[in-house]
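I have placed the structure first, in the form of structure tokens, so that the comments after it can refer back to it.
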Amino acid sequence: MARIEDFFFEENSVSELSGDRYAHIEMLKRAVDAMANATYQSIYVIDYFKREFLHVASNPLFLGGHTAEQMKKMGYQFYLEHVPEAEQAMLLEINTAGFKKFNSIPVEERNGYFISYDFHIEDGEKRFLINHKMTPFALADDGRLWLSMCVVSLSSHSEPGHIELRKKGAPSYWEYSLDCHQWITKETVKLRPQERQVLILSAQGLTVAQIADTMNRSIDTVKTYKRVMFERLGTRSITEALTLATNSGLI
């Protein structure tokens, strides 16, 4: 079984911060709460200098039955209590491989990246698969990650894993293989304009007939757009496609 100290090593250690870097933390917390209020996603912030959760918004999706304040006090203990033991090993591997890869990126580019992966959360008898996305919120003086914003939503997949390091809008991304234990470069799937429009209109609640009317296309043509899009994204429904496109920064 994993231990809290296993999550910290040389690559994610922040030993020094210049000046009073915590002077505006309360404003940061309010910004996180405002973002959480405007979305279905859970949001929390990890502090790698203090090695704790700096702030947890109150959206209940990721809290495992705890209050936001209880989860904040638990910190990394939350993972040990609510993530299946087999997947804790996966999280440790992602943590190690992810920070080593992140630190190889030029400092001036690091803020544009995010890492995304799926794992299970257990809440009593309930067990559900979530997508966990991390992106830099603030870097230390030496360019290492100081504060990381974590955004949690329900996964569009059926199994844990799906580990990706991306820069929004980039033509390629890195996918981490748990079998080969290495990062593999992949080409980013690009949505065609018609496919993006189908996704956006579907998210607005329009039926296939209404989408066809809006796009001035036949119903069969819209169905073809959806079928081809599902094949390229590896999804089975418009909900999965929309979740994947959002999580991957495709729309």
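The values are calculated or read from the model by the stated rules, or taken from the named source; none is laboratory data. Keep in mind the model is a prediction, meaning the values are calculated, not measured. All Cβ positions, glycine included, derive from the backbone under ideal geometry; neighbour counts span all protein chains shown.
Quick check on segment 115-136: of everything there that is of a type in the set (Phe, Trp, Tyr) and at pLDDT 95 or above, which residue is farthest from SER177 (Cα to Cα)? Within segment 115-136, the match that is farthest from SER177 (Cα to Cα) is PHE119. When you scan segment 183-192, do you find a residue that is over 27 Å from TYR40 (Cα atoms), in a helix (DSSP H, G or I) and without any contact (Cβ under 8 Å) to a residue 60 or more places away in the chain, even just one? The answer is no, given that none of the residues of segment 183-192 is over 27 Å from TYR40 (Cα atoms), in a helix (DSSP H, G or I) and without any contact (Cβ under 8 Å) to a residue 60 or more places away in the chain.
So for segment 22-39 (the condition being assigned to a loop (DSSP other than H, G, I, E, B) and within 18 Å of the chain's Cα centre (by Cα)), does at least one residue qualify? If you could, list the steps in order and put the result at the bottom.
From segment 22-39, those assigned to a loop (DSSP other than H, G, I, E, B) are 22-24, 38-39; that's our starting set.
Adding the requirement that they be within 18 Å of the chain's Cα centre (by Cα) leaves 38-39.
Among the residues of segment 22-39, at least one is assigned to a loop (DSSP other than H, G, I, E, B) and within 18 Å of the chain's Cα centre (by Cα), which makes the answer yes.
Taking the condition in contact with a Leu (Cβ under 9 Å, 6 or more places away or on another chain), part of a helix (DSSP H, G or I), assigned by TED's automatic domain parsing to the domain that holds SER42 and closer than 23 Å to ALA31 by Cα, does ASN111 pass? Yes: the conditions hold for ASN111.
When ARG236 is tested against the conditions (1) surrounded by 14 or more Cβ atoms within 10 Å (Cβ to Cβ); (2) part of a loop (DSSP other than H, G, I, E, B), the lone failure is (1). When ASP118 is tested against (1) loosely packed, with under 15 Cβ neighbours inside 10 Å; (2) of a type in the set (Asp, Glu); (3) in contact with a Leu (Cβ under 7 Å, 6 or more places away or on another chain), just one condition goes unmet, and that condition is (1). Selection of segment 224-233 for residues being surrounded by fewer than 15 Cβ atoms within 10 Å (Cβ to Cβ), of a type in the set (D, E, K, R) and modelled with pLDDT of 90 or more yields only ARG227.
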